[in-house]
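The values are calculated or read from the model by the stated rules, or taken from the named source; none is laboratory data. All values derive from a computational prediction rather than experimental measurement. Here Cβ is always computed from backbone atoms with ideal geometry, including for glycine, and neighbour counts include all displayed protein chains.
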């Protein structure tokens, strides 16, 4: 079974094993496991072995290959990498090959990581179940009849099934944290601007953020330290010092103030989820934390606000896929208008079309002020709610999702029900703050449940410390799903 990223890097660096051996083991694990999970869209076997060989050669020369020496990493397929396709889970990009690596991919490889493949996702990141994909639905490793969450379902499932020690996802409204919760792994969405979006195929530009997933918070801290930092190619990247997240994991929790808002514990919350989340909060209290009631008065408007803003941005961002420059082009268009319409009609899936139409409507003349401008004003109010709350608390605890993983096909015919799966996560994206999901228990049916911790801007270090120390006191993350129990 694949070890942790921290342990692999240490073993490769000290020559207890070679990076090539680790890569070969990882690739064999994927081959034997992913047939039923469908976490990967593409495996980069030969490239991974060659990259691992380069790491081994660097070590043989006495060089330090970096903090991720020989660590196999899976990358969500909306993040550009050279050498193979970047499809975004869409037919419109099924043959697209990027000519450059995303900033995050560059950082990973510079740190000695070995990218082994690209993972499945809801098309362009639009979904909460990894069912809205041009290929096969990703199944939850804990129960193949359940979704893995979305849109980073492939990344979460690959980590949960122990195919890779860590993966990279993107989070526009919960797309790292919700699948992390459904699959019982740790997933971190950093502060907006903390990680460069250069090379991330844009969905909602003011909301998108790249982040890591792993079984342990320690590994998430290790990866975050590698991928975070300023990048001049991304105008929204913040030029702020990146702390040593790993070094701060054991900072004492004495005096930690955890905010609890009734807005996150109301109608629609599954009682088993509520029980696990409250038990996790009680556990943190025994480690020195205190609970402070807070009020976030505008959270009830978050879903409506989010789906106006994100669809408007999607409408704008996806206008570039027109059948002219790159991507799918209809074979025999009658004229230019037919080429545009048919290429997009054939290339985009139903959910992507729905969001483009919603966003185009919200931005259209006569409706811009009524919808988009009003949503931006509500977003400001939501951000202010968090700013005020963080005057009295250090972190805010909540569920990640209203329920454990739902059945595949259960919500595909009801878009609103699917959208409500993100009701507890989207507010962090709207406010631009950091948030993490950490496993906190299981339902009676054996399905994972996650605890969400939200922190102020650039408060990732504190969240990682809380998550790590919670994991030190619990064993939820040590449980292995059936998809991984053959070893």
Exactly one condition in (1) on the phi < 0 side of the Ramachandran plot; (2) over 28 Å from the mean Cα position of the chain (by Cα) is not met by residue 323; state its number. (1)
Collect the residues in region 294-315 that are surrounded by fewer than 19 Cβ atoms within 10 Å (Cβ to Cβ), touching a residue at least 60 places away in the same chain (Cβ under 8 Å) and assigned to a helix (DSSP H, G or I), keeping them in residue-number order. 301, 303, 304
Quick one: residue 53 ticks every box in (1) touching a helix residue (DSSP H, G or I) at 6+ places or on another chain (Cβ under 6 Å); (2) more than 21 Å from residue 152 (Cα to Cα); (3) buried (at least 18 other Cβ atoms within 10 Å of the Cβ) except a single one, so which number is it? (3)
Counting only residues in region 386-416 that are outside any loop (DSSP other than H, G, I, E, B) and in contact with a helix residue (DSSP H, G or I) (Cβ under 7 Å, 6 or more places away or on another chain), the one farthest from residue 148 (Cα to Cα) is identified as 386
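Among the helices (runs of 4 or more DSSP H) lying completely within region 1-110, list those that include at least 2 residues that are within 24 Å of residue 233 (Cα to Cα) and under 24 Å from the mean Cα position of the chain (by Cα).
Details: elements: 5-13, 19-37, 45-60, 103-110.
By residue number, 103-110.
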Looking only at region 258-274, and only at residues there that are surrounded by fewer than 14 Cβ atoms within 10 Å (Cβ to Cβ) and in a helix (DSSP H, G or I), the one that is modelled with the lowest pLDDT: 262
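Given 367, 419, 340, which one is surrounded by fewer than 20 Cβ atoms within 10 Å (Cβ to Cβ), over 30 Å from residue 258 (Cβ atoms) and in contact with a helix residue (DSSP H, G or I) (Cβ under 9 Å, 6 or more places away or on another chain)? Before the answer, list the steps.
On the way: 419 fails: over 30 Å from residue 258 (Cβ atoms); 340 fails: in contact with a helix residue (DSSP H, G or I) (Cβ under 9 Å, 6 or more places away or on another chain).
After ruling out the rest, the residue left standing is 367.
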Between a residue in region 408-430 that is under 20 Å from residue 139 (Cα atoms) and any residue that is modelled with pLDDT under 95 and surrounded by fewer than 16 Cβ atoms within 10 Å (Cβ to Cβ), which pairs come within a Cβ distance under 6 Å, given they are 6 or more apart or on different chains? 411/417
When only residues in region 316-337 that are in contact with a helix residue (DSSP H, G or I) (Cβ under 6 Å, 6 or more places away or on another chain) and free of Cβ contacts under 8 Å to residues at least 60 places away in the same chain count, which is surrounded by the fewest Cβ atoms within 10 Å (Cβ to Cβ)? 333
Consider region 445-469. How many of its residues are surrounded by fewer than 24 Cβ atoms within 10 Å (Cβ to Cβ) and more than 16 Å from residue 217 (Cα to Cα)? 6
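Any chance you could count how many residues in region 140-152 are out of contact with any strand residue (DSSP E or B) (no Cβ under 7 Å at 6 or more places or on another chain) and buried (at least 24 other Cβ atoms within 10 Å of the Cβ)? Don't jump to the end; show me each part of the working.
As a first pass, look at region 140-152 and keep what is out of contact with any strand residue (DSSP E or B) (no Cβ under 7 Å at 6 or more places or on another chain): 141, 143-144, 149-151.
So of that shortlist, the ones also buried (at least 24 other Cβ atoms within 10 Å of the Cβ) come out as 141, 149-151.
Total satisfying the criteria: 4.
Each row is one residue, and each column tells you yes or no for (1) modelled with pLDDT of 95 or more; (2) crowded, with 24+ Cβ neighbours inside 10 Å; (3) under 15 Å from the mean Cα position of the chain (by Cα).
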site: 178; (1), (2), (3): yes, yes, yes
site: 189; (1), (2), (3): yes, yes, yes
site: 196; (1), (2), (3): yes, yes, yes
site: 235; (1), (2), (3): yes, no, no
site: 253; (1), (2), (3): no, no, no
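Let's see how each residue does on (1) assigned to a loop (DSSP other than H, G, I, E, B); (2) closer than 20 Å to residue 226 by Cα; (3) without any contact (Cβ under 8 Å) to a residue 60 or more places away in the chain:
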site	(1), (2), (3)
116	no, yes, no
127	yes, no, no
130	yes, no, yes
136	yes, no, no
145	no, no, no
